[in-house]
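Notes to accompany the following structure.
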Amino acid sequence: MSETEVIRENILSERKKIKEVIKQKKEREKSELEKTQIECPECGSYNLVHDYERAELVCSDCGLVIDANFIDQGPEWRAFDNDQRMKRSRVGAPMTYTIHDKGLSTMIDWRNRDTYGKSISAKNRAQLYRLRKWQRRIRVSNATERNLAFALSELDRMASALALSRNIRETAAVVYRKAVGKNLIRGRSIEGVAASALYAACRQCNVPRTLDEIGEVSRVSRKEIGRTYRFVARELSLKLTPTSPVDYVPRFCSGLHLKGEVESKTVEILRQAAEKELTSGRGPTGVAAAAIYIASILNGDRRTQREVADVAGVTEVTIRNRYKELAEELDIEIIL
């Protein structure tokens, strides 16, 4: 028997052992689950249904009522739509990282009304004003919380200007909190670190935004955002893959009001270009814009280089250079 055959036999035997271990583990978990579950005394089934309207525990196989008059753990009120559910629910808002105290503190409403909606008398308004003032002071107690309060409000402002989703805001807030925890803010502007955290969050969530777009809505320069981002990513060991041109295609096509066929063709062109390594070493926005320009011509929904350049944030010269490279390497015939 040769050496390769011996190695193959060893691998197969190891795989059999692993499968046996997994099978035994599943059987053990199943038996433990059966011990914890309630069994029907009539037919031995575990398919039991809680009927909360009648307060009964019923076997769905044989119909035996196993238990009755048990306590309903749900709310004592009913709601027929989402508005009623939100009004009658007595729980607070979920925890969020986008607020410096994670949304766990209380708020005194700015309206001078009590819980019944009645207007508060002028005699008690001065006391309510003092309560509001002290509540604001208590929520921000030290320098770190003041830093977080300002930075997270700045993050929220930039994310709103870029129309970013909630999960990206949460991710950016987590990145900024980690930077504060490692004392990476010292010697750098709060706006710069907040902008770099937002840029990193966009990269992590595969919704990339360029440094120019982040720089337009922030109060710091593109150069400072890039420098701070590289420092934060290195210190926090953020594993960020290079941005792919495909990630920009839906947004650019939407901005140009292109059809779905154009978007599909653009993705196909970019995948062919990636296989031939035409996208490496080039700006992803320029490559994406050139592919969109080619796809719009091929599908008869033509857009000018100026229109594509304005949406993508690149120059017409970049689009011309990239689309000529793509057309030549991929053997695409373009009739202008």
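Read the figures in this text as sums done on the coordinates, not as results from a lab. Just so you know, these numbers come straight off a predicted model, no measurement behind them. When we count neighbours, we look across all protein chains shown, and the Cβ atoms used for this are built from the backbone with ideal geometry, even at glycine.
Could you work out the relative contact order of the chain? I mean the mean sequence separation of Cα pairs under 8 Å and 6+ apart, divided by the number of residues, in percent.
8
Tell me the net charge near GLN305. Cut-off is 14 Å between Cβ atoms, GLN305 excluded, with +1 for each Lys or Arg and -1 for each Asp or Glu.
+3
Given R₀ = 41 Å, FRET efficiency for ALA93-ASN321 by Cβ-Cβ distance, to 0.05?
0.20
Under 13 Å from the Cβ of VAL21, count the other residues' Cβ atoms, weight Lys and Arg +1, Asp and Glu -1, and hand me the total.
Here the charged neighbours net out to +4.
Could you estimate the translational diffusion coefficient of region 213-318 from the Stokes-Einstein equation, with Rh from the Kirkwood formula over C-alpha pairs, at 25 °C and 0.890 mPa s, in whole µm²/s?
The calculation lands on 163 µm²/s.
Using a cut-off of 12 Å between beta-carbons, work out the net charge of the residues near LYS182 (Lys and Arg +1, Asp and Glu -1, LYS182 not included).
Within the 12 Å Cβ shell, the charges total +3.
Among ASP114, ASP301, ASP51, whose mean-square fluctuation peaks in a Gaussian network model of the chain (Cα, cutoff 10 Å)?
Between ASP114, ASP301, ASP51, it is ASP51 that shows the largest mean-square fluctuation.
Determine the gain in length on full extension of the stretch ARG8-ALA126; use 0.36 nm per residue of separation and subtract their C-alpha separation, reporting nm with one decimal.
Result for the pair: 34.1 nm of gain on full extension.
Contour minus end-to-end for ARG111 and PHE80, with contour as 0.36 nm per residue of separation and end-to-end as the Cα-Cα distance?
Gain on extension, ARG111 to PHE80, equals 8.3 nm.
Given the peptides 155-167, 126-138, arrange them by the average over their residues of other C-beta atoms within 10 Å, most packed first.
155-167, 126-138
Ranked highest first by average number of other Cβ atoms within 10 Å, how do 271-279, 243-251, 211-219, 195-203 line up?
Highest mean packing first, the order is 195-203, 243-251, 211-219, 271-279.
Which semi-axes, in whole Å and largest first, does the equivalent ellipsoid of region 143-235 have when worked out from the alpha carbon gyration tensor as the square roots of 5 times its eigenvalues?
Computed over region 143-235, the values are 17, 14, 13 Å.
Report the Cα centroid-to-centroid distance between region 144-196 and region 262-294 in angstrom, as an integer.
So the separation of the two Cα centres works out to 32 Å.
For region 114-124, in order, what is each residue's ³J(HN,Hα) by Karplus, 6.51 cos²θ - 1.76 cosθ + 1.60 with θ = phi - 60°, in whole Hz (x at glycine and Pro)?
8, 5, 8, x, 7, 5, 7, 5, 4, 5, 8
How do the peptides 303-315, 17-29 rank, highest first, by the average count of neighbouring beta carbon atoms within 10 Å per residue?
In descending order of packing, they fall as 303-315, 17-29.
Using square roots of five times the C-alpha gyration tensor eigenvalues, list the equivalent-ellipsoid semi-axes of the chain in whole Å, biggest first.
Calculated on Cα positions only, the semi-axes equal 48, 41, 25 Å.
Among PRO41, ALA290, ALA159, whose Cα projects farthest towards the positive end of the dipole of the chain, with charges put on the beta-carbon of Lys, Arg (+1) and Asp, Glu (-1)?
ALA159
Apply the a/c threshold of 1.5 to the C-alpha gyration tensor of region 45-190 and tell me whether it is rounded, prolate or oblate.
Oblate, because a/c is 1.5 or more while a/b does not exceed b/c.
Kindly flag which residue pairs out of LYS239/LYS276; LYS265/LYS324; LYS16/LYS239; LYS87/LYS118; LYS223/LYS324 have an alpha-carbon separation exceeding 27 Å in this structure.
As for pairs spanning more than 27 Å Cα to Cα, those are LYS16/LYS239; LYS223/LYS324.
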